[in-house]
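The values are calculated or read from the model by the stated rules, or taken from the named source; none is laboratory data. Predicted model only: the values in this text are computed from it and were never measured. Every residue, glycine as well, gets a Cβ built from its backbone with ideal geometry; the counts of neighbours run over all protein chains shown. Please note that ligands, DNA and RNA were not included when accessible areas were found on the heavy atoms of the full protein model with its side chains. Shrake-Rupley method; radii C 1.70, N 1.55, O 1.52, S 1.80 Å.
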Amino acid sequence: MTDAMLRVPVEVRDRLAVIAESRGTSIRQLVQEFAESTLTDEERRERAERARAYLAENFGVEVTDEESAAMGRRLRDEFARQQPPGAAAA
């Protein structure tokens, strides 16, 4: 694999170094993990559609847009509630 250089402000580099060190990894690995695990809006929509199709096909459950949005809000709220004080939610 060929490496590429990314230019970021010094403050961003320093922040990435702190995060990487706290996780026992490198900035390189941190950025790689972020790129591999972060979905685009289109990828999220595709996954949601596949999940809806699976539920309909295998369980006979039709999930409406409103139900999907409500569940998304509940999940985000629960995730935020379980974060330690001062932690930033994604």
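In the stretch 48-90, the residue that is most open to solvent (accessible area, probe 1.4 Å) out of those that are farther than 29 Å from Ile19 by Cα and of a type in the set (Lys, Arg) is Arg50.
In the stretch 4-18, of all residues being open to solvent by less than 100 Å² (accessible area, probe 1.4 Å) and not aliphatic (A, V, I, L, M), the one that is farthest from Gln32 (Cα to Cα) corresponds to Pro9. Pairs linking a residue in the stretch 18-41 that is closer than 17 Å to Arg7 by Cα to a residue that is open to solvent by 60 Å² or more (accessible area, probe 1.4 Å) and not charged (D, E, K, R), with Cβ atoms under 8 Å and 6 or more positions apart or on different chains, are Val31/Leu6.
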